[in-house]
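Read through the structure below, which is laid out as structure tokens, and then see the notes.
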Amino acid sequence: MKKTAIKNTLILSILMVSLIGCNSDDNKQTLDSRKWQLTWSDEFDGAAGQSPDATKWAFDIGTGNNGWGNKELQNYTNRTKNAATDGNGNLVLTALRESYQGSQFTSARIKTQNLFTQTYGRFEARLKTPYGQGLWPAFWMLGANNETVTWPQCGEIDIMELRGQKPSIVNGSLHGPGFSGGNAITDSFALRYDRFDVDYHIFAVEWTADTIDYFVDGYLYQRINKSEVPGEWVYDHPFYMILNVAVGGNYLGNPTTQTPFPQTMTIDYVRVYQEAN
């Protein structure tokens, strides 16, 4: 083969690899101009060892019904060994391998239920994930009417969830009537040559009456339109936020003896905005 042909083949191959490696659909990056106004935030500026601000966060406690519906293994607590500020402007949620009230793992799950809810807007967190087989960190939202209607009628917006054995890939998902559980609407975003436990990344959704957009570090990798949902659109009422680190369950499988503990999700901030107009 001639040198020119070889060179052209190499260039074409590099371009193809680059395209395959990207989470790109350039049409998605055409966004309407929006002017955001901050409505709620937590910067986690407390001294080291403090519990999350009780005016902003509540705890889910215990093992939940059938492992919170997913056959998870952890026992959620409100102890500072599972959830505390680190004195450096972060909140740290820690999963531990320990015997506690009949469970072999503990962790934390905090929520803004009954403290803050909002309909529409931008919801974002800057955080660093844990890693390892059986670790399941998540930043997500539930419809605030979930105590009066059953799931998934209340709606669920998963802003970020990660399988610890795949630390370079996050998923963003939507659960509602007709598209929940294994049939949720979902897409993934993958880092190239990096992992989400190595450094902080910003995970966000921008939610309107007709669309929900998913972002990682400002890159829009998924847009879900109301007109395309294969079921009922139940995203027209207030939602509250949840941060947690689950251990095991039917989403990713259980930890092994090789899974390192403790594992932490370190959260720099959580911020919520609405359109200024």
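Table for the structure above
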read-out	value
Contact order normalised by residue count of the stretch 139-272, Cα under 8 Å, 6+ apart, percent	23
For the chain, accessible area per residue (1.4 Å probe, heavy atoms of protein chains only), Å²	48
Principal-axis tilt of helix 3-21 within the chain, Cα atoms, nearest 10 degrees	20
Surrounding net charge for Gln101, when Lys and Arg each add one and Asp and Glu each subtract one, Cβ distance under 15 Å	0
Spin-label proximity, Val149 to the stretch 209-251 - amide N less than 20 Å from point 7 Å beyond Cα toward beta carbon	209-213, 224-242
Part-to-part distance (alpha-carbon centres) for the stretch 94-150 and the stretch 198-277, which is given in Å	10
Theoretical ellipticity at 222 nm over the chain - DSSP helices of four or more residues, -39500 (n - 2.57) apiece, nearest 500	-2500 deg cm²/dmol
Ratio of the Cα radius of gyration of the stretch 178-277 to 2.2 N^0.38 Å, where N counts its residues	1.30
Relative contact order of the stretch 25-160, pairs being alpha-carbon contacts under 8 Å that are 6 or more residues apart, as %	20
Length gained when the stretch Arg79-Glu43 is fully extended (0.36 nm per residue, less Cα-Cα span)	11.0 nm
Set Lys35/Lys111; Lys71/Lys166; Lys56/Lys128; Lys71/Lys111; Lys128/Lys226; Lys56/Lys166 screened for pairs whose C-alpha atoms are more than 25 Å apart	Lys35/Lys111; Lys128/Lys226; Lys56/Lys166
Solvent-accessible surface ranking, highest first, for Arg109, Arg195 at 1.4 angstrom	Arg195, Arg109
Peptide ranges 235-247, 197-209 listed from the most packed, as the mean C-beta count within 10 angstrom indicates	235-247, 197-209
Peptide ranges 89-96, 267-274, 73-80 listed from the most packed, as the mean C-beta count within 10 angstrom indicates	89-96, 73-80, 267-274
Per-peptide average of other Cβ atoms within 10 Å, ordering 36-49, 169-182 highest first	169-182, 36-49
Relative contact order for the chain, counting Cα pairs under 8 Å that sit 6 or more residues apart, in percent	27
Debye intensity ratio I(q)/I(0), log10, the chain, q values 0.09, 0.12, 0.13, 0.16 Å⁻¹ (C-alpha model)	-0.44, -0.75, -0.88, -1.31
Full-stretch length increase - Gln101, Arg192 - with 0.36 nm per residue and alpha-carbon distance subtracted	28.7 nm
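The values are calculated or read from the model by the stated rules, or taken from the named source; none is laboratory data. Quick caveat: nothing in here was measured; it's all calculated off a predicted structure. Methodologically, a virtual Cβ is constructed for each residue, glycine included, from the backbone with ideal geometry; neighbour enumeration extends over all protein chains shown. Side chains included, ligands, DNA and RNA excluded: accessible areas come from the protein's heavy atoms. Shrake-Rupley method; radii C 1.70, N 1.55, O 1.52, S 1.80 Å.
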